[in-house]
Amino acid sequence: MIEISGAKFSFQPNGWGSEIANQLARKCDVVNRGLSGYNSRWAKIVLPRLISKDSASSNHIAAVTVFFGANDCALEDKNPQQHIPLQEYSENLKDIVKHLGSVGVSADKVIFITPPPLNEPAWEKECVLKGSALNRLNSVAGQYAQACVQAAGQCGADVLDLWTLMQKDGQDFTGYLSDGLHLSEKGNQFVSQHLWTLLKSRVEELPFILPYWGDVDPKQPESGLLCD
């Protein structure tokens, strides 16, 4: 499984990527291609370097998660470097799926993850500390989340809509975020639990890599350990 995103923290202790990797131990490797601060435009440019036809075929990719939007939705007048217009964001996601398809990863193996909601007061404090004004809005993040959901439907990919799920029934979502934007430990747990629900059907039939230790013949271990 490969994770492509604009955040590099999923493999930190208690991160959602490390939790998924633990779930898939001895079934498949989870490869982190999180690029901190990147948006979907930059991701589309570097994607051929991350996943090529050779790497896709040799690794037998079971699933690819695509997690962009939290940087794309930055306000153009406050953060023009990361901002990507809404329509281009949508097209970039579709182009990512097209590239994956061109190297042998079908759309049904792709899972989009929408940006989570934004805790504006907390993120504004972070912005002020860096000498800038609030550069994102939760309502705008919601527009990008909706565009992500629509793009997934249009290209046949699956989607995990964090923006909607974390605010479902008016629940307080602020605990899912460490600084108003990035996921907290609780937020990482939320992502891993909901993502696993989508991944399970794609990986449950994967065989274990190498036999269970109790099935190895101690007198002739080669007979079990060297077989295909």
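Applying a threshold of 8 Å to beta carbon distances and a minimum spacing of six or more residues, or different chains, the list of pairs starting in the range 180-198 at a residue that is within 15 Å of residue 12 (Cα to Cα) and ending at one that is of a type in the set (Asp, Glu) and open to solvent by 30 Å² or more (accessible area, probe 1.4 Å) reads 188/19; 189/19; 192/19. Screening 61, 113 for residues that are open to solvent by less than 50 Å² (accessible area, probe 1.4 Å), more than 20 Å from residue 179 (Cα to Cα) and either touching a strand residue (DSSP E or B) at 6+ places or on another chain (Cβ under 9 Å) or among the polar types (S, T, N, Q) (or both) leaves exactly one candidate, 61. Return a yes/no flag: does the range 65-73 have any residue that is loosely packed, with under 15 Cβ neighbours inside 10 Å and part of a loop (DSSP other than H, G, I, E, B). No, the range 65-73 contains no residue that is loosely packed, with under 15 Cβ neighbours inside 10 Å and part of a loop (DSSP other than H, G, I, E, B).
Residue under question is residue 164, and the condition is that it be β-branched (Val, Ile, Thr), open to solvent by 60 Å² or more (accessible area, probe 1.4 Å), out of contact with any strand residue (DSSP E or B) (no Cβ under 7 Å at 6 or more places or on another chain) and at pLDDT 85 or above; does it hold? Yes: the conditions hold for residue 164. Among the residues of the range 21-43, those that are open to solvent by 80 Å² or more (accessible area, probe 1.4 Å) and either acidic (Asp, Glu) or at pLDDT 85 or above (or both) comprise 22, 23, 29, 33, 41.
When you go through 102, 139, 106 one by one, which is the residue that is within 19 Å of residue 41 (Cβ to Cβ) and among the small types (Gly, Ala, Ser)? None of the other options fit; the residue is 102. May I ask you to verify whether residue 92 is at negative phi, in contact (Cβ under 8 Å) with a residue 24 or more places away in the chain and not in a loop (DSSP other than H, G, I, E, B)? Considered against the rule, which asks whether it is at negative phi, in contact (Cβ under 8 Å) with a residue 24 or more places away in the chain and not in a loop (DSSP other than H, G, I, E, B), residue 92 comes out as yes.
Return the residues of the range 108-130 that are over 24 Å from the mean Cα position of the chain (by Cα) and at pLDDT 95 or above; say none if nothing qualifies. Even if it seems obvious, please write down each step before you answer.
Within the range 108-130, the first condition is being over 24 Å from the mean Cα position of the chain (by Cα), and the residues that meet it are 121, 124-125, 127-130.
Listed by number, the residues that qualify are 121, 124, 125, 127, 128, 129.
Which condition breaks for residue 77 when tested against (1) without any contact (Cβ under 8 Å) to a residue 60 or more places away in the chain; (2) open to solvent by less than 10 Å² (accessible area, probe 1.4 Å); (3) not basic (Lys, Arg)? Status for residue 77: all satisfied but (2). Out of the residues in the range 1-17 meeting the condition of being part of a helix (DSSP H, G or I) and open to solvent by 40 Å² or more (accessible area, probe 1.4 Å), tell me which one is nearest to residue 206 (Cα to Cα). Filtering the range 1-17 for residues that are part of a helix (DSSP H, G or I) and open to solvent by 40 Å² or more (accessible area, probe 1.4 Å), the one nearest to residue 206 (Cα to Cα) comes out as 11.
Given the structure, is residue 186 over 17 Å from the mean Cα position of the chain (by Cα) and of a type in the set (Lys, Arg)? So residue 186 does not fit the description; no. Checking 100, 86, 93 one by one, the residue that is farther than 30 Å from residue 175 by Cβ and of a type outside the set (D, E, K, R) is 100 and no other. Within the range 129-144, residues that are closer than 23 Å to residue 88 by Cβ and open to solvent by less than 30 Å² (accessible area, probe 1.4 Å) reach partners that are assigned to a helix (DSSP H, G or I) and of a type in the set (Gly, Ala, Ser) with beta carbons closer than 9 Å, at six or more positions or on different chains, in the pairs 144/90. For the range 44-61, residues that are in a helix (DSSP H, G or I) and modelled with pLDDT of 85 or more total 7.
What helices (runs of 4 or more DSSP H) lie completely within the range 108-173 and have 2 or more residues being of a type in the set (S, T, N, Q)? Don't jump to the end; show me each part of the working.
Details: elements: 120-129, 138-155, 162-165.
The helices (runs of 4 or more DSSP H) meeting that bar are 138-155.
The values are calculated or read from the model by the stated rules, or taken from the named source; none is laboratory data. These figures come from a predicted structure and were not determined experimentally. Every residue, glycine among them, receives a Cβ derived from its backbone with ideal geometry; neighbour counts consider all protein chains shown. Just the protein is used for accessible areas: all its heavy atoms, side chains included, with ligands, DNA and RNA removed. Shrake-Rupley method; radii C 1.70, N 1.55, O 1.52, S 1.80 Å.
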